[in-house]
Amino acid sequence: MRLNPLLALSLLVCVPICLPTGGAMAQERPATPASPTSPTLGAVEVTATPKATQEVIAEGRAAIGTGGVLAARKAAETIALRNAVEKAIGVFVSARTLTQNYVLIRDEVMTQASGFATLKEVLKEEIGTEEVVVTVRAIVSLRPLAEQLKALKLTRAWRFHVSVEGETPGQPAETVTTTSRQAVTKLERTLADAGFVVVADPKDADIQVQVYPRFATIAKREVHAGDIPMTLHSIRGDVTVRAVRAGTSEIVASASGSETILHINATTASAQAAEDAVGKIAPKIADALMILPAAQSQPITVAVSGLSGIGQATKMEEALSQLPGVRNVVRRSYNSGEAIWELDVYSEGIATLAQSLEETGSLRSFGLTVSSETKSRINATAKSAVDKPKPRQ
């Protein structure tokens, strides 16, 4: 087949063309079958997302006034819905932020409880001589609640890092990274435009956003522009994007998409296919992350060396369980003066845990010195019993 030279020139400089499923180019050569995990060509499949609603049990009380029991019951239900919304706010706002901004949250959010919560059922009702008390099961819609809190600049500032992961069979890892750079930039821009903080260093991230690209050649077509031979490449990019909590590896959101591009340069076709696929996925991921709840607790490994014996380790374990924000303590091992525990720590207590190990009164007798700290592990050394002055004989 020969092409008009002007047409060939236009192919060299034109923007890559999306190839529709079942188009003429796909008929030139049989298409490579999609893998069982690949989404339908051009479609987006959301495989994981945070729940958009939260079921909350809350109580409401209202005095019986001139309107009688019926009016008091209605008022109690309204207060119960407001209390349900207040409970759900804790998913997005830290306890400290809630305390410091309570008046703002009360006036701008909780007074509009009917816009965020609906009454599912009344579980219990107590009618006294002066008041009505109801316990309700409410459904709180998290997306509008999160959007309102975000507009007030009260939500946790999640920090995201975007990276390319995985390998494509037959393609070097550096090639995959090169062809996916546009896709990463597209995803970073979408997250930034949605109001999220995007960081360059993965160590600074709360959420790792991982891009998994795969490329397949659907068809090749030899053409000529005058006496110049060239090949038109039809490249399909299958991309999966996963958002993972740093430290716990919990997948909080995941979506897959696919796009096919026709171009005379295979690398350009791959890059554009990946970018276009991510362009479809990115809004879905950003929407899911909008309602991402805070992890209520997180496992933190605490390793302490320099212990005088198993008895001292047991006493320290009791003291660790009394630290502010610590839900549970499990000893993983003890060997030659070193003990390793796994602490289940509420999110609010994670930032100050290392400081608490050194300064909390119940642990002061152990003389702990923190030598290193990461998001998931703290290493410390205890002042050994042999270092203490011996009593006089």
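Given a Förster distance of 45 Å, report the FRET efficiency between THR352 and MET230 from their Cβ-Cβ distance, rounded to the nearest 0.05.
Values: r = 63 Å, r/R0 = 1.41.
The computed FRET efficiency comes out at 0.10.
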query = What list of ³J(HN,Hα) values in whole Hz, one per residue of the range 182-191 in order, does the Karplus curve 6.51 cos²θ - 1.76 cosθ + 1.60 (θ = phi - 60°) give from phi, with Gly and Pro shown as x?
reply = 4, 5, 4, 4, 4, 5, 4, 5, 5, 5
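How do 274-282, 317-325 rank on mean C-beta neighbours within 10 Å, highest first? Write down the numbers at each step before the final one.
Working: 274-282: 24.2, 317-325: 15.7.
The densest-packed peptide leads the list: 274-282, 317-325.
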query = Highest mean first, what order results for 120-131, 59-70, 241-252 on Cβ atoms within 10 Å?
reply = 241-252, 59-70, 120-131
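Given axes a ≥ b ≥ c from the Cα gyration tensor, I'd like to know whether the range 150-280 is rounded (a/c under 1.5), prolate (a/b larger than b/c) or oblate.
Values: a/c = 3.04, a/b = 2.37, b/c = 1.28.
Prolate shape, in that a/c is at least 1.5 and a/b is the bigger ratio.
Using the number of other C-beta atoms within 10 angstrom as an exposure proxy, rank SER308, SER114, SER234 with the fewest first. Provide the component values of the computation, followed by the final result.
Numbers: SER308 16, SER114 12, SER234 26.
Final ranking by Cβ density, sparse to dense: SER114, SER308, SER234.
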message = Please compute the length gained on full extension between VAL69 and GLU250, using 0.36 nm multiplied by the number of residues separating them and subtracting their Cα-Cα distance.
response = 60.4 nm
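Which order results if TRP158, TRP341 are arranged by neighbouring Cβ count within 10 Å, fewest first?
Numbers: TRP158 17, TRP341 22.
Result, fewest neighbours first: TRP158, TRP341.
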remark   = Cβ density ranking, 10 Å radius, fewest first, applied to ILE310, ILE285, ILE300 yields ILE310, ILE300, ILE285
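From the C-alpha gyration tensor of the range 297-384, pull out the three semi-axes of the equivalent ellipsoid (sqrt of 5λ each), sorted largest to smallest, in whole Å.
On the way: eigenvalues 68, 34, 29 Å².
In descending order the semi-axes read 18, 13, 12 Å.
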task = Just list whichever of LYS186/LYS220; LYS51/LYS150; LYS74/LYS120; LYS87/LYS124 have alpha carbons separated by over 26 Å in the model shown.
result = LYS186/LYS220
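Laboratory data are not the source of any read-out in this text; all were calculated from the coordinates shown. No experiment lies behind these values; they were computed from the predicted model shown. A quick note on method: Cβ atoms are made from the backbone with ideal geometry, for glycine too, and the neighbour counts reach across all protein chains shown.
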